[in-house]
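In what follows, a structure is listed as structure tokens, so that the remarks can point back to it.
What follows draws every value from the coordinates through simple rules; no lab data is involved. None of these values were measured; they are calculated from a predicted model. Glycine also receives a Cβ, built like all others from the backbone with ideal geometry; neighbour counts cover every protein chain displayed.
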Amino acid sequence: MKKRSAFFATLSLAMAITAITAFASPSTTQKNVTPESINPISNPFVEGQFISPFVIDTSNPIGGTVTGGAVVPKTFTINVGYGHIKLLMKNYSSSSVTVNLTHKNSGWVYFSEVISGNGSIAWKNFEHGYEQGMRGGDYTLQWSGGSSNVNGEFFGKTGSSISDDTN
């Protein structure tokens, strides 16, 4: 009987310590993420529209201008756990450009898209066969203008789930 009472006393004490520790622990909010209500990201290509993620990775902004020669590679990183991506790509030249997205570590080509002259496209991983997300690591977004120089811009965001990139 004493063993049984000692067991229940120890169990009760352990549960109380666990509850106190959980209550007293620091916030579990992840670093470098922004909740939707704090910082919606404006789409630079469509006036008045927003990308409203639930949790996005802000530690590695994706985007930039693409100018120069006929082939211009741009690199960015997708952090592990944020494999859902939305890319917005705008071609400012009058000639078509081909844009390829390649995972540098594996050589896997995720897409090859043609953007018409003065056109733009939005690409979301889950709309193109990658519902489980993309691999973490380094990526190259290569713009090819054929015989013309490229002139464009791209903007992207990565999220922890599909719902982060649906808008």
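Computed FRET efficiency, Cβ-Cβ of residue 65 and residue 135, R0 35 Å: what is it to the nearest 0.05?
Working: r = 26 Å, r/R0 = 0.74.
The value I calculate is 0.85.
Once phi is turned into ³J(HN,Hα) by the Karplus curve 6.51 cos²θ - 1.76 cosθ + 1.60 with θ = phi - 60°, what whole-Hz value does each residue of the range 118-134 show in order, with x for glycine and proline?
6, x, 8, 9, 10, 10, 10, 4, 6, 8, 10, x, 10, 4, 7, x, 10
In terms of modelled amide H atoms, which long-range or inter-chain residues lie less than 5 Å from the amide H of residue 151?
For residue 151, the qualifying residues are 92, 93.
Which ³J(HN,Hα) values in Hz, rounded to whole numbers, follow from the phi angles of the range 85-99 under the Karplus curve 6.51 cos²θ - 1.76 cosθ + 1.60, where θ = phi - 60° and Gly and Pro get x?
Here the 3J(HN,Hα) series is 10, 10, 10, 10, 10, 10, 9, 8, 7, 7, 9, 5, 10, 10, 10 Hz.
Between residue 158 and residues 5 or more places away or on another chain, which pairs have amide H atoms under 5 Å apart, with H built 1.01 Å from N, and which residues are they?
57
Relative contact order, percent, of the range 99-166 when contacts are C-alpha pairs under 8 Å separated by at least 6 residues?
34
The range 76-155: which GluC sites (Glu not before Pro) are DSSP loop and have at most 16 other beta-carbon atoms within 10 angstrom?
When the GluC sites (Glu not before Pro) of the range 76-155 are filtered for loop state and at most 16 Cβ neighbours within 10 Å, 131 remain.
Could you tell me the center-to-center distance, by alpha carbons, between the range 130-153 and the range 78-94 in angstrom?
With the range 130-153 and the range 78-94 each reduced to a Cα centre, they are spaced 8 Å.
If I stretch the segment between residue 106 and residue 94 completely, what's the gain in nm (0.36 nm per residue apart, minus their alpha carbon distance), one decimal?
Residue separation times 0.36 nm, minus the Cα-Cα distance, leaves 1.0 nm.
Testing the spin-label approximation: label points 7 Å from Cα along Cα→Cβ at residue 79 and residue 113. State their distance in nm.
Between residue 79 and residue 113, the label points sit 2.4 nm apart.
In whole Hz and in residue order, list the ³J(HN,Hα) couplings for the range 62-79 that follow from phi through the Karplus curve 6.51 cos²θ - 1.76 cosθ + 1.60, θ = phi - 60°; x for Gly and Pro.
Once θ is set to phi - 60°, the couplings for the range 62-79 become 10, x, x, 8, 10, 9, x, x, 6, 10, 10, x, 10, 10, 7, 10, 10, 6 Hz.
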